[in-house]
Amino acid sequence: MISPSRRVFAKKAIAFLGCCLILSCANNYQEVQNLAKKPIPVDKATNVDSYLSQDGIVKARLTAPLMTRTTLADTPKTEFPKSLHVDFYDTTKIQSRLFAKYGLYYTNKRLVYLRDSVIVFNVQGDTLRCEELWWDQNKEQIYTNVPVHIRKPDEKIDGTGLVADQNFRSWTITNAKGPINVPDSTLPAN
């Protein structure tokens with residue numbers, strides 16, 4: 001049989017060891033904060049020259065002086081902080097060109113956000129200028145809800161908002177402003 005004094009000693013020893021275990025498992029608050037502040041790994045490339053193809057056919061060529069890529073588990077992103085240029089192809093011929101001072105590509109969504117002095121022009125001579133533009137690669141479409149300025153060889157069209165194919169061959173401006181030249185659709189008198 002265990003004496004009462006040994007029971008008291010055993011209880012005190014168990015309590016002491018329990019406290020030691022609990023205290024030794026505690027996290028330092030500052031260490032936890034520092035874990036959250038660890039830098040996200042970033043890949044960098046300079047003088048980028050990249051091609052986008054579908055079924056072995058080149059659809060676009062992108063050039064940029066700097067590209068950075070962050071690979072987070074849920075939202076990998078590619079950023080072009082110092083400008084980018086994209087040539088869009090239809091088979092082997094360039095159909096349109098795009099310039100912007102900044103671009104951000106959401107890899108999983110195949111969605112590109114462009115801002116700051118965005119310019120797009122096509123082989124027909126149409127030029128689009130705006131401050132921000134989205135390029136949805138899945139839909140092969142560009143769009144924006146900000147003011148746009150289109151210059152054609154023979155007219156000027158301004159508005160707020162635009163939807164166009166990625167080659168900028170056909171486009172629609174929402175909330176168009178200013179004079180718009182519409183061809184005469186009347187039938188000749190007999």
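The values are calculated or read from the model by the stated rules, or taken from the named source; none is laboratory data. These figures come from a predicted structure and were not determined experimentally. Quick note on the areas: whole protein, heavy atoms, side chains included, nothing else; ligands and nucleic acids left out. Shrake-Rupley method; radii C 1.70, N 1.55, O 1.52, S 1.80 Å.
Accessible surface comparison of Asp126, Asp165, Asp90, Asp74, probe 1.4 Å, protein chains only, largest first: the order is Asp74, Asp90, Asp165, Asp126. Among the listed pairs Lys139/Lys177; Lys77/Lys101; Lys59/Lys101; Lys44/Lys109; Lys156/Lys177; Lys59/Lys139, which have their C-alpha atoms separated by more than 19 angstrom in this model? Going by Cα-Cα distance, Lys139/Lys177; Lys59/Lys101; Lys44/Lys109 fall outside the 19 Å limit. Using every pair of distinct Cα positions in segment 47-190, the Kirkwood expression returns a hydrodynamic radius of 16.3 angstrom.
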